[in-house]
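Down below is the structure, laid out as structure tokens.
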Amino acid sequence: MPFLFIVDRGSTDYYFIPHRTGQTAMWLYASIYMATIASISVSLILGVRGRPARAYRFFRVGAAIVILACVDEIAYLTIARFNLGPGIVVDVLYRLFDLFFYVGVILIVAGIASFTVVRVLRLLNLRHKLFWLRRVLLRRGFTPPPVEDPSDLLGAVYDHVIAIRDRQAMQQLTLIPAELGLVKRSERIISRHLASNAPTTPDSYSLSYGATS
């Protein structure tokens, strides 16, 4: 491993690499290290390719900036080792690495965190919709569908929408504008779920009104 051939390794600190850029072993070791990080970032971009969630944008942009940081660092190491450019170029490339790398990492971490935030907001939104859909049925004297699985809020919202639409189709229930808006917003949530998650069975979460037994 090139690291073992670095002369006067001492203790690793912030200036470990810049103080040893004149050594071929350091150039090779750090270049391989940066190339490995770049390859991981490329794999990340390919892994989230085609996924529609907005949070994946953080991953793509963050990984691309990390790749740019790796290219910058390899260029810095090469120019410094083989004296291919003036000192100011070496200094600029050295300083740009931290900017690119940490911005990229922050964006990737933001992408990870955003999934948790989006999940929590989605659950709160479903709970809100379920509460008011139940109120629509209860206010008319209808028994709301049972919530068989508390963890499946989307399924519960779906059942309530179907129950309301069935009674509306049979002219047993007339919705005021606010309630109609609630039902339509709930339908859009279900439709977005269907668009991003293909059903495993032909009738899974079907929005065909009147399909209840």
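The values are calculated or read from the model by the stated rules, or taken from the named source; none is laboratory data. All values derive from a computational prediction rather than experimental measurement. Glycine also receives a Cβ, built like all others from the backbone with ideal geometry; neighbour counts cover every protein chain displayed. Surface areas here come from the heavy atoms of the whole protein model, side chains and all, with no ligands, DNA or RNA. Shrake-Rupley method; radii C 1.70, N 1.55, O 1.52, S 1.80 Å.
If the condition is being assigned to a helix (DSSP H, G or I), open to solvent by 70 Å² or more (accessible area, probe 1.4 Å) and either of a type in the set (Val, Ile, Thr) or closer than 15 Å to GLY181 by Cα (or both), then segment 112-147 contributes ILE112, THR116, VAL117, VAL118, VAL120, HIS128, PHE131, TRP132, ARG134, ARG135.
Restricting to segment 1-47, name every residue that is open to solvent by less than 80 Å² (accessible area, probe 1.4 Å), among the hydroxyl-bearing types (Ser, Thr, Tyr) and at pLDDT below 85. The answer is THR21, THR24, TYR29. With respect to ALA63, determine if the residue is modelled with pLDDT of 90 or more, touching a Leu at 6+ places or on another chain (Cβ under 6 Å) and open to solvent by less than 70 Å² (accessible area, probe 1.4 Å). Spelling it out, ALA63 is indeed modelled with pLDDT of 90 or more, touching a Leu at 6+ places or on another chain (Cβ under 6 Å) and open to solvent by less than 70 Å² (accessible area, probe 1.4 Å).
Go through segment 66-111 and give me each residue that's open to solvent by 50 Å² or more (accessible area, probe 1.4 Å), in contact with a Gly (Cβ under 8 Å, 6 or more places away or on another chain) and at pLDDT below 90. Matches in segment 66-111: ARG81 only.
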